[in-house]
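Working notes, beginning with the structure itself.
The values are calculated or read from the model by the stated rules, or taken from the named source; none is laboratory data. Please read all numbers here as calculations on a predicted model, not as lab measurements. Here the Cβ positions follow ideal geometry from the backbone for every residue, glycine too, while neighbour counts run over all protein chains shown.
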Amino acid sequence: MHQSDLISSDIDAYLKAHENKSLLRFITCGSVDDGKSTLIGRLLYESKMIFEDQLTALEQDSKKVGTQGENIDFALLVDGLAAEREQGITIDVAYRFFATEHRKFIVADTPGHEQYTRNMATGASTADLAVLLIDARQGVLTQTKRHAFIASQLGVRHIVLAVNKMDLVDYSEKVFNEIVDDFKTFADQLDIPNLHAIPVSALAGDNVVDGSRYMPWYEGPSLLGYLEAVDVETEETSLPFRMPVQWVNRPDLDFRGYAGRIAGGIVRPGDDVRVLPSGKQSKIARIVTMDSDLDEAVSGQSVTLTLTDEIDISRGDVIATSETPPEISDQFDTTIIWLSEEPMLPGRSYRMKTSSRLVSATVNAPKHKTDVNTLQKLPAKTLQLNEIGNCTLAVDRPIAFDSYNENRQTGSFILIDRMSNNTVGMGMINFPLRRAANIHWQNLDINKAANAEQKGQSPAVLWFTGLSGSGKSTIANEVQRRLFASGRHSFILDGDNVRHGLNRDLGFTDADRVENIRRVAEVSKLMVDAGLITLVSFISPFRAERDLARNLMEEGEFIEIFVNTPLSVAETRDPKGLYKKARAGNLKNFTGIDSPYEAPENPEIEINTDDMSVEDAAERVINGLIERGIIEA
Amino acid sequence: MSATAQIHLTHLQRLEAEAIHIMREVVSEAQNPVMLYSVGKDSAVMLHLAMKAFYPSKPPFPLLHVDTGWKFKEMISFRDDLVAKLGLELLTHTNPEGLADGVGPFTHGSAVHTDIMKTQALKQALDKYEFDAAFGGARRDEEKSRAKERIFSFRSAQHQWDPKNQRPELWSIYNVQKHEGESIRVFPLSNWTELDIWQYIHLEQIPIVPLYFAAERPVVERDGTLIMVDDDRMPLKDGEQPMLKNVRFRTLGCYPLTGAVESTANTLQDIIQEMLLTRTSERQGRVIDHDQSASMEKKKQEGYF
Ligand SMILES: Nc1nc2c(ncn2[C@@H]2O[C@H](COP(=O)(O)OP(=O)(O)OP(=O)(O)O)[C@@H](O)[C@H]2O)c(=O)[nH]1
Ligand SMILES: [Mg+2]
């Protein structure tokens with residue numbers, strides 16, 4: 001019986017059937033203007049998902065801003081933002097919903113424009129299948145390959161190659177075959193288990209919902225026919241049981257439940273579980289829901305578990321089967337796709353969010369990045385917007401995880417910039433690195449406290465930050481002279497001096513500046529361990545790295561001294577003639593000129609050398625140390 | 001949704017699990033969340049999901065109803081009964097300046113009324129209580145700019161949405177980080193369709209405002225739209241007589257701005273059947289959407305939910 005007949009004659013039967021339809025989540029992707037939005041519009045239109053009032057609006061819009069003259073421009077059904085309609089391109093993902101007799105669909109129409117690749121990745125990360133469009137006149141383009149590569153990296157296991165605009169190449173079988181062969185040569189190097197190609201015309205509707213009378217040579221299903229039938233069932237329930245804890249549920253003292261969404265496998269009361277990373281063992285007591293307790297729950301369900309033992313579990317821990325628990329590590333080999341205009345900075349501390357845990361992470365320089373055109377592995381120092389690379393990543397505490405291959409949910413993460421709070425990277429864990437586990441911390445008899453006591457002082461780091469020529473080194477020098485005179489043990493790490501030795505291999509790009517500060521922060525930590533009052537005099541332009549240094553030290557040990565000399569004053573002083581060079585364009589990446597300086601938000605001590613002599617400035621620093629109990633008056 | 005889980009979840013079970021997951025993420029990472037409760041069917045589903053997400057605890061956030069002063073009477077009584085029954089905290093807010101100036105749809109027109117009593121009122125309430133995350137019941141299938149919005153939709157300190165610069169949203173890992181003053185609108189029902197909502201209400205037996213069911217109600221016809229005469233603030237034109245008609249509402253809002261449809265559907269099955277056979281979208285009944293094309297995107301940029 002036809003669907004609408006069933007709706008009128010037996011609504012209950014229709015609803016029952018509808019309830020049990022399977023769900024397919026797919027995306028359309030491919031190069032700009034290949035016809036993705038048109039195709040989705042056409043699918044919605046032909047599957048009768050467009051209401052009359054929307055159709056009237058579409059007809060009006062098509063005349064006003066469409067690309068098809070007096071005819072309907074189906075892309076306008078999905079390109080919903082004003083800017084998209086004006087420019088005739090897709091900027092961000094549109095999510096649309098439709099259902100046929102057999103299936104429910106959630107489709108994400110993604111943008112083809114390279115600038116918006118991160119929005120394509122957004123759509124692809126939750127898709128089971130990707131419809132990759134190719135303009136038959138253009139054939140396989142770089143962007144086609146980029147999208148295929150991203151989809152395969154994200155674990156999209158089904159790709160439908162839709163060779164579109166067949167109406168513009170006389171519905172030629174030869175053109176179709178050439179394009180398909182060309183794509184297969186490329187795709188053979190990727191992990192795409194299921195690939196199927198269909199010649200279509202999104203505009204005219206050939207092979208979209210029904211077949212095409214112009215292409216009798218194609219005997220396969222139409223696109224919709226294929227989407228309705230393809231089996232994308234992933235055996236999530238056959239994976240080992242995992243549930244990242246999102247929220248601890250404590251309505252009263254008698255109930256302690258762990259709320260989360262099951263990320264793999266099946267769970268039943270009585271199952272032996274292990275809680276990670278602590279490794280503690282227990283058994284499932286109940287699976288609690290508002291309706292009633294469950295006998296079992298499966299991957300994808302949101303539940304609340306209680307255990308038979310009182311153990312300490314908090315958000316971000318993973319409850320897993322004790323037979324095959326996830327691995328634990330603090331260093332990983334990962335694949336990262338960079339999503340920000342600001343390039344990735346190796347050594348910088350980012351926030352990393354996994355399924356439900358927020359940690360700090362630093363990324364090492366990529367081992368390589370991949371050229372999406374040739375799939376060649378190229379050497380790289382960093383990743384730029386849309387680049388995909390292989391990087392080692394270290395987190396500040398051990399976390400539980402699976403490789404992305406095994407479990408998309410416990411193997412994925414995002415990176416968040418601390419300053420802008422933007423999502424700047426997405427990553428997939430390949431495997432753990434055991435480096436950290438094998439280098440154990442050596443406990444020494446003469447420790448920091450002993451070193452400090454011998455010298456009769458509290459060790460500290462005096463971190464002078466400010467523009468070139470602001471007076472950092474002069475003031476630090478004067479402070480050290482006074483410390484020395486009163487019998488204190490101190491040492492100065494000066495930017496220029498350290499760059500002659502330890503950091504001689506580093507330049508002045510953002511990435512090198514981050515590494516420069518990271519090393520100095522580590523060295524000053526060693527000096528503090530030695531019991532010294534350590535004076536660091538570095539421009540250190542980025543807040544994130546100064547915070548990184550601060551976090552290495554103990555509470556109260558890190559004194560940030562902001563030498564706040566206005567750029568105009570520092571530039572007139574220009575003791576080393578560097579500003580002049582930079583202004584002339586002979587010195588690249590100079591802080592304050594063509595490289596940013598991020599002023600401290602809450603420095604312990606602030607000095608404006610404009611209205612203060614070197615002696616007064618040093619005096620202020622010494623007084624600050626006395627106030628903080630680092631030295632006595 | 002059922003006592004024993006089968007191996008393959010239905011799409012409604014998946015949507016339910018996704019919404020619950022989203023709510024728990026917000027509660028775990030936001031400082032001061034709130035649920036925007038508009039009393040309509042989507043809010044009914046959202047609230048039901050919140051009850052499930054935190055059971056046996058109560059949802060750890062208050063509900064906020066922005067009351068324009070022109071809601072259907074039945075919405076207000078339904079709201080108060082339900083909140084009392086569930087034992088939840090309800091905050092209501094009406095724009096005090098708008099109230100003092102007597103702003104209403106009849107005197108000021110739908111655009112001004114909606115801006116002052118809804119959009120501005122909402123901003124006032126969010127600022128007043130310093131909420132940093134607000135759940136809303138909007139769905140992507142409602143409207144073309146909604147279809148473009150993230151589940152976690154970021155707002156500047158001025159409550160503005162920047163559609164051209166949305167954060168990527170990957171897998172189900174949500175970035176809840178923000179600066180002081182900024183906030184996030186969260187849409188747990190993003191991936192639900194109108195049919196999903198009705199079917200879920202049906203399966204879970206969720207109470208909804210009786211206005212959704214057909215009954216004899218006094219209406220007048222204006223510009224082809226049936227408007228219910230809900231109280232005596234409605235000025236009748238010369239010779240205009242309210243007539244009793246069997247009508248119901250597909251969507252609920254301010255009564256002067258909400259069109260009724262003639263119908264005899266008085267069970268959930270009837271409603272679903274009617275919805276599936278009709279050829280117009282639910283927003284058709286909302287007078288505000290007709291004001292200008294691309295109006296929703298513009299309103300959203302200005303801080304409309
Ligand atoms: N002749 C012909 N034109 C088509 C076909 N499909 C799409 N077009 C036209 O190609 C142009 C681009 O179509 P869109 O659907 O906007 O392309 P898109 O892939 O969504 O573009 P982006 O999202 O911006 O990357 C429009 O003018 C369409 O009308 C087709 O099958 N045949
Ligand atoms: Mg498009």
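With in contact with a His (Cβ under 9 Å, 6 or more places away or on another chain), more than 12 Å from chain A (Cβ to nearest Cβ) and among the aromatic types (Phe, Trp, Tyr) as the only criterion, which of B:Phe61, B:Phe106 stands out?
On the way: B:Phe61 fails: in contact with a His (Cβ under 9 Å, 6 or more places away or on another chain).
B:Phe106 is the lone residue from the list that is in contact with a His (Cβ under 9 Å, 6 or more places away or on another chain), more than 12 Å from chain A (Cβ to nearest Cβ) and among the aromatic types (Phe, Trp, Tyr).
Out of the residues in region A:73-88 that are within 11 Å of ligand 1 (Cβ to nearest atom) and of a type in the set (D, E, K, R), state the one that is surrounded by the fewest Cβ atoms within 10 Å (Cβ to Cβ). Filtering first and then ranking leaves A:Arg85.
Could you check region A:558-608 and list, in sequence order, the residues that are closer than 24 Å to A:Ser490 by Cα and either among the β-branched types (Val, Ile, Thr) or in contact with a helix residue (DSSP H, G or I) (Cβ under 6 Å, 6 or more places away or on another chain) (or both)? Answer for region A:558-608, where residues must be closer than 24 Å to A:Ser490 by Cα and either among the β-branched types (Val, Ile, Thr) or in contact with a helix residue (DSSP H, G or I) (Cβ under 6 Å, 6 or more places away or on another chain) (or both): A:Phe558, A:Ile559, A:Ile561, A:Val563, A:Ile605, A:Ile607. Filtering region B:28-55 to residues that are in contact with a Ser or Thr (Cβ under 8 Å, 6 or more places away or on another chain) and within 12 Å of chain A (Cβ to nearest Cβ) leaves B:Ser28, B:Lys52, B:Ala53, B:Tyr55. Taken over region A:251-264, residues that are more than 10 Å from chain B (Cβ to nearest Cβ) and either crowded, with 23+ Cβ neighbours inside 10 Å or at pLDDT 95 or above (or both) amount to 3.
For (1) more than 27 Å from A:Ala485 (Cβ to Cβ); (2) within 30 Å of the chain's Cα centre (by Cα), each residue gets a yes or a no:
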| residue | (1), (2) |
| --- | --- |
| A:Asp547 | yes, yes |
| A:Glu560 | no, no |
| A:Thr565 | no, no |
| A:Asp574 | yes, no |
| A:Lys580 | yes, no |
| A:Leu587 | yes, no |
| A:Asp616 | no, no |
| A:Gly629 | no, no |
| A:Ala633 | no, no |
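Going by what's in this entry, would B:Ala50 be described as more than 16 Å from the chain's Cα centre (by Cα) and either modelled with pLDDT of 95 or more or surrounded by fewer than 20 Cβ atoms within 10 Å (Cβ to Cβ) (or both)? For B:Ala50, the condition - more than 16 Å from the chain's Cα centre (by Cα) and either modelled with pLDDT of 95 or more or surrounded by fewer than 20 Cβ atoms within 10 Å (Cβ to Cβ) (or both) - is not met.
In the list A:Val273, A:Val248, which residue meets the criterion of being away from every other protein chain (no Cβ under 14 Å), farther than 30 Å from A:Glu173 by Cβ and at pLDDT 95 or above?
On the way: A:Val248 fails: away from every other protein chain (no Cβ under 14 Å).
One residue alone meets the criteria, A:Val273.
Regarding B:Gln241, is this residue facing chain A (nearest Cβ under 10 Å), modelled with pLDDT under 95, assigned to a loop (DSSP other than H, G, I, E, B) and in contact with a strand residue (DSSP E or B) (Cβ under 8 Å, 6 or more places away or on another chain)? Taking the combined requirement at face value, the residue does not satisfy it.
Can you tell me which residue is nearest to the other protein chains (Cβ to nearest Cβ) among those in region A:276-305 that are part of a strand (DSSP E or B) and over 21 Å from B:Glu18 (Cα atoms)?
Filtering region A:276-305 for residues part of a strand (DSSP E or B) gives A:276, A:280-288, A:297-298, A:302-305.
With over 21 Å from B:Glu18 (Cα atoms) added as a condition, the list becomes A:276, A:280-286.
On the way: A:Leu276: 18, A:Lys280: 21, A:Gln281: 25, A:Ser282: 20, A:Lys283: 19, A:Ile284: 14, A:Ala285: 14, A:Arg286: 11 Å.
Filtering first and then ranking leaves A:Arg286.
In the condition set (1) within 16 Å of ligand 2 (Cβ to nearest atom); (2) under 27 Å from A:Glu178 (Cα atoms); (3) surrounded by 20 or more Cβ atoms within 10 Å (Cβ to Cβ); (4) among the charged types (D, E, K, R), A:Glu114 is compliant with all but (3). Within region A:283-302, being touching a Ser or Thr at 6+ places or on another chain (Cβ under 6 Å) and not acidic (Asp, Glu) holds for A:Lys283, A:Ala285, A:Arg286, A:Val288, A:Val298, A:Ser299. When residues in region A:14-64 are screened for being surrounded by fewer than 21 Cβ atoms within 10 Å (Cβ to Cβ) and away from chain B (no Cβ under 11 Å), 9 of them pass.
What pairs come up if the first residue lies in region B:107-135 and is without any contact (Cβ under 8 Å) to a residue 40 or more places away in the chain, the second is among the hydrophobic types (A, V, I, L, M, F, W, C), and their beta carbons are under 7 Å apart, counting only those six or more places apart or on different chains? Short answer, once both residue conditions are applied: B:Val112/B:Val103; B:Ile116/B:Val103. Reported count of residues in region A:77-122, each being aromatic (Phe, Trp, Tyr) and either farther than 24 Å from B:Thr193 by Cβ or facing chain B (nearest Cβ under 8 Å) (or both), is 3.
Total residues in region A:217-261 satisfying the condition of being touching an Asp or Glu at 6+ places or on another chain (Cβ under 8 Å), outside any loop (DSSP other than H, G, I, E, B) and among the aliphatic types (A, V, I, L, M): the figure is 1. Of the residues making up region B:258-277, at least one is at pLDDT 90 or above, more than 30 Å from A:Glu46 (Cβ to Cβ), of a type in the set (A, V, I, L, M, F, W, C) and touching a Ser or Thr at 6+ places or on another chain (Cβ under 9 Å). Where residues in region A:1-57 are more than 16 Å from ligand 1 (Cβ to nearest atom) and of a type in the set (Ser, Thr, Tyr), which of them is modelled with the lowest pLDDT? Per the criteria, the residue is A:Ser4. Within the bounds of region A:135-154, is there any residue that is within 13 Å of ligand 2 (Cβ to nearest atom) and touching a helix residue (DSSP H, G or I) at 6+ places or on another chain (Cβ under 7 Å)? Yes. With respect to the stated conditions, A:Ser37 is touching a residue at least 60 places away in the same chain (Cβ under 8 Å) and either more than 18 Å from A:Asn207 (Cα to Cα) or within 15 Å of ligand 2 (Cβ to nearest atom) (or both). Within region A:93-106, can one find any residue that is more than 16 Å from ligand 2 (Cβ to nearest atom), surrounded by fewer than 16 Cβ atoms within 10 Å (Cβ to Cβ) and not in a helix (DSSP H, G or I)? Yes, some residue in region A:93-106 is more than 16 Å from ligand 2 (Cβ to nearest atom), surrounded by fewer than 16 Cβ atoms within 10 Å (Cβ to Cβ) and not in a helix (DSSP H, G or I). For A:Asp92, state whether it is within 14 Å of ligand 1 (Cβ to nearest atom) and either out of contact with any Gly (no Cβ under 7 Å at 6 or more places or on another chain) or farther than 30 Å from A:Gly425 by Cβ (or both). Here the answer is yes, as A:Asp92 does meet what is asked. All conditions in (1) more than 8 Å from chain A (Cβ to nearest Cβ); (2) under 28 Å from A:Phe98 (Cβ atoms); (3) not charged (D, E, K, R) hold for B:Gly224, with the sole exception of (2).
Only one residue in A:Gly270, A:Gly279, A:Gly220 is touching a Phe, Trp or Tyr at 6+ places or on another chain (Cβ under 8 Å) and surrounded by fewer than 20 Cβ atoms within 10 Å (Cβ to Cβ), so which one is that? First the steps, then the outcome.
Values: A:Gly270 fails: touching a Phe, Trp or Tyr at 6+ places or on another chain (Cβ under 8 Å); A:Gly279 fails: touching a Phe, Trp or Tyr at 6+ places or on another chain (Cβ under 8 Å).
Only one candidate passes the filter, namely A:Gly220.
Yes/no per residue for (1) more than 30 Å from A:Leu76 (Cα to Cα); (2) hydrophobic (A, V, I, L, M, F, W, C):
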site: A:Phe186; (1), (2): yes, yes
site: A:Leu203; (1), (2): no, yes
site: A:Asp206; (1), (2): no, no
site: A:Pro221; (1), (2): no, no
site: A:Val230; (1), (2): no, yes
site: A:Gln246; (1), (2): yes, no
site: A:Asp252; (1), (2): yes, no
site: A:Arg256; (1), (2): yes, no
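Cβ separations smaller than 7 Å between residues 6+ apart or across chains give the following pairs from region A:612-633 residues that are over 10 Å from A:Ile475 (Cβ atoms) to residues that are at pLDDT 90 or above and acidic (Asp, Glu): A:Gly624/A:Glu604. Any residue in region A:132-147 that is crowded, with 20+ Cβ neighbours inside 10 Å, within 13 Å of ligand 1 (Cβ to nearest atom), more than 9 Å from every other protein chain (Cβ to nearest Cβ) and acidic (Asp, Glu)? Looking through region A:132-147, at least one residue is crowded, with 20+ Cβ neighbours inside 10 Å, within 13 Å of ligand 1 (Cβ to nearest atom), more than 9 Å from every other protein chain (Cβ to nearest Cβ) and acidic (Asp, Glu).
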